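The values are calculated or read from the model by the stated rules, or taken from the named source; none is laboratory data. The structure displayed is predicted, hence computed values, not measured ones. We place every Cβ from the backbone using ideal geometry, glycine too, and count neighbours over all the protein chains shown. Surface areas here come from the heavy atoms of the whole protein model, side chains and all, with no ligands, DNA or RNA. Shrake-Rupley method; radii C 1.70, N 1.55, O 1.52, S 1.80 Å.
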Amino acid sequence: MTDDIVLLLRRAGFGPTAAEVGAARRLGYASTLSGLVAPAGPDVGATSAPTPDLGPDPFTLLPRATDAQRAQGDRRRTEQTISLARWWLERMTVADHQAVEKLLFFWHGHWATSVAKVRSPQLMLGQLRAFREARDFADLAHRMVLDRALVYWLDGQHNKKAAPNENLARELFELFMLGVGHYTERDIKEAGRALAGWRVILDRETPVSDPQHRDTGRKTILGTAANFDANSLVDLLLQQPTCRRFIASRLWFRYASATKPIPERTREAMAAAFPAPMSMLRVLFGDEAFQQTRGTMVQQPVEWLVGAMRHLGLRPAAMPDQVFTQIYWAMEALGQRPFAPPSVGGWPAGAAWLTSAAAQVRLTIAGMLVDLVRPGPLTAEAVAHLLCIDGWTDRTYAVLRDARNDRLKLTLGLVSPEYLVT
């Protein structure tokens with residue numbers, strides 16, 4: 001059975017190494033938790049993965065492009081997107097402040113925005129930077145309601161006083177801040193009015209306010225009447241008790257269990273720490289209910305990939321370009337690619353990742369990773385130690401014992417139930 005320290009490290013970060021597990025055991029649970037949610041000093045590991053200079057979006061240089069130029073611009077955008085994903089996976093892998101990077105990945109799934117529609121990797125990088133720079137959830141919500149990528153993704157640039165578009169307002173209530181059932185259709189329509197009049201321009205750092213399309217009139221939202229705009233709307237939602245409880249529930253869903261509901265006592269304790277997400281996570285990981293969730297979480301593909309690279313000592317930046325590109329597109333087949341959630345609802349969870357088709361893709365990716373390290377003599381016990389697994393079931397042990405070579409043994413370890421489920 002996974003011990004408490006390993007459970008904490010696996011859920012709070014991306015695949016702890018054997019050295020990290022050993023150090024955490026010496027520190028103890030409480031000190032390890034404190035170090036995760038309040039890391040001291042600069043992240044030395046992350047400094048070895050500096051933010052890439054993507055250059056300008058090619059379409060800022062092509063205001064009247066020919067078909068050939070547009071095709072070339074699209075190819076350049078794809079190259080920039082792959083470069084951006086490679087850098088973020090690199091940072092997830094080498095970061096010392098693992099809980100910080102894991103939280104950013106959580107926000108990416110929470111404020112789910114896809115480059116498939118946004119198209120511009122520069123806008124996606126800007127959103128990720130906002131995740132990183134936000135002080136707390138309140139600050140983040142204010143940044144997101146006027147985030148260029150999110151506004152474009154949810155058709156905010158089409159929201160005009162004379163022709164309202166309520167997509168952004170609806171998701172702000174339903175998926176981002178309050179949850180289903182805590183608002184009316186009238187609230188959505190009035191909030192849509194408050195968000196009208198913003199346009200996204202590629203070479204501008206922020207959305208541009210268009211006065212002729214703004215709605216400065218009085219609106220009534222959640223029983224409060226005022227001349228709401230984007231920022232005052234967010235302030236109103238932050239004041240709702242349901243907001244802090246909703247965020248607590250979403251953190252539980254991604255960090256504790258996608259199948260076991262959050263206990264009311266745990267949710268209220270987490271809500272009391274709102275809007276500081278790390279403080280909310282401290283409460284979650286320190287709660288006895290968290291220890292009862294072992295074996296209920298299936299790693300998301302990105303979590304699995306980053307953990308595998310950490311355990312094998314691999315860095316995306318050091319991989320041959322062709323190998324990384326193959327892994328990148330294989331992650332699409334696996335169902336999760338950075339910067340490309342399938343919908344505004346984000347990625348699925350739990351058994352959705354355990355299909356037979358996904359198992360075959362995961363086996364292929366695991367084999368590609370193992371080929372980069374050329375493992376030496378390995379026993380089943382040595383594989384367990386490397387992957388920070390306490391032990392194998394009899395069935396998995398028999399499969400590993402009978403594996404014809406060390407490459408296959410390590411590959412099978414990476415796709416085993418013991419590795420995939422925490």
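Some points to look at:
- Residue in segment 149-160 that is among the basic types (Lys, Arg) and over 19 Å from Pro277 (Cβ atoms) present: yes
- Qualifying residue in segment 156-169 (condition: touching a residue at least 60 places away in the same chain (Cβ under 8 Å), among the hydrophobic types (A, V, I, L, M, F, W, C) and surrounded by fewer than 19 Cβ atoms within 10 Å (Cβ to Cβ)): no
- Scanning segment 93-103 for residues that are open to solvent by 20 Å² or more (accessible area, probe 1.4 Å), part of a helix (DSSP H, G or I), within 21 Å of Phe324 (Cα to Cα) and at pLDDT 95 or above turns up at least one hit.
- Cross-chain or 6+ apart pairs with Cβ under 9 Å, segment 4-18 first and closer than 14 Å to His97 by Cα, then of a type in the set (D, E, K, R) and surrounded by fewer than 20 Cβ atoms within 10 Å (Cβ to Cβ): Leu9/Glu20; Gly13/Glu20
- Selection status of Arg250, at negative phi, open to solvent by 50 Å² or more (accessible area, probe 1.4 Å) and part of a loop (DSSP other than H, G, I, E, B): no
- Search result, residues across segment 72-82 that are more than 15 Å from Met331 (Cβ to Cβ) and either open to solvent by 50 Å² or more (accessible area, probe 1.4 Å) or of a type in the set (A, V, I, L, M, F, W, C) (or both): Gln72, Asp74, Arg75, Arg76, Glu79
- All positions within segment 182-223 that are surrounded by fewer than 14 Cβ atoms within 10 Å (Cβ to Cβ), modelled with pLDDT of 95 or more and part of a loop (DSSP other than H, G, I, E, B): Thr184, Gly217, Arg218, Gly223
- Filtered residues of segment 238-256 (kept if touching a residue at least 40 places away in the same chain (Cβ under 8 Å), under 29 Å from Ala352 (Cβ atoms) and among the hydrophobic types (A, V, I, L, M, F, W, C)): Cys243, Phe246, Ile247, Leu251, Phe253, Ala256
- Which listed residue is at pLDDT 95 or above, surrounded by fewer than 13 Cβ atoms within 10 Å (Cβ to Cβ) and basic (Lys, Arg), from Arg26, Arg64, Arg11: Arg26
- Residue satisfying condition, being open to solvent by 20 Å² or more (accessible area, probe 1.4 Å), part of a helix (DSSP H, G or I), among the aromatic types (Phe, Trp, Tyr) and closer than 25 Å to Leu7 by Cβ, within set Tyr397, Tyr419: Tyr397
- Some residue of segment 111-124 being touching an Asp or Glu at 6+ places or on another chain (Cβ under 6 Å) and more than 24 Å from Pro348 (Cβ to Cβ): yes
- Breaking point among (1) farther than 28 Å from Ala317 by Cα; (2) among the polar types (S, T, N, Q); (3) surrounded by fewer than 18 Cβ atoms within 10 Å (Cβ to Cβ); (4) touching a residue at least 12 places away in the same chain (Cβ under 8 Å), for Thr355: (4)
- Filtering segment 342-393 to residues that are charged (D, E, K, R), within 21 Å of Gln326 (Cβ to Cβ) and assigned to a loop (DSSP other than H, G, I, E, B) leaves only Arg374.
- When segment 316-344 is filtered for residues that are in contact (Cβ under 8 Å) with a residue 24 or more places away in the chain, under 25 Å from Tyr255 (Cα atoms) and open to solvent by 40 Å² or more (accessible area, probe 1.4 Å), the ones remaining, listed by number, are Ala333, Pro342, Ser343.
- Hey, Thr113 among the β-branched types (Val, Ile, Thr) and free of Cβ contacts under 8 Å to residues at least 24 places away in the same chain or not: no
- Selection from segment 262-291 of residues that are more than 15 Å from Leu7 (Cβ to Cβ), assigned to a helix (DSSP H, G or I) and open to solvent by 10 Å² or more (accessible area, probe 1.4 Å): Glu264, Arg265, Arg267, Glu268, Ala269, Pro277, Met278, Ser279, Arg282, Val283
- Annotation: Thr259 fulfils all but one of (1) in contact (Cβ under 8 Å) with a residue 60 or more places away in the chain; (2) closer than 30 Å to Ala162 by Cβ; (3) of a type in the set (Val, Ile, Thr); (4) part of a loop (DSSP other than H, G, I, E, B); the unmet one is (2).
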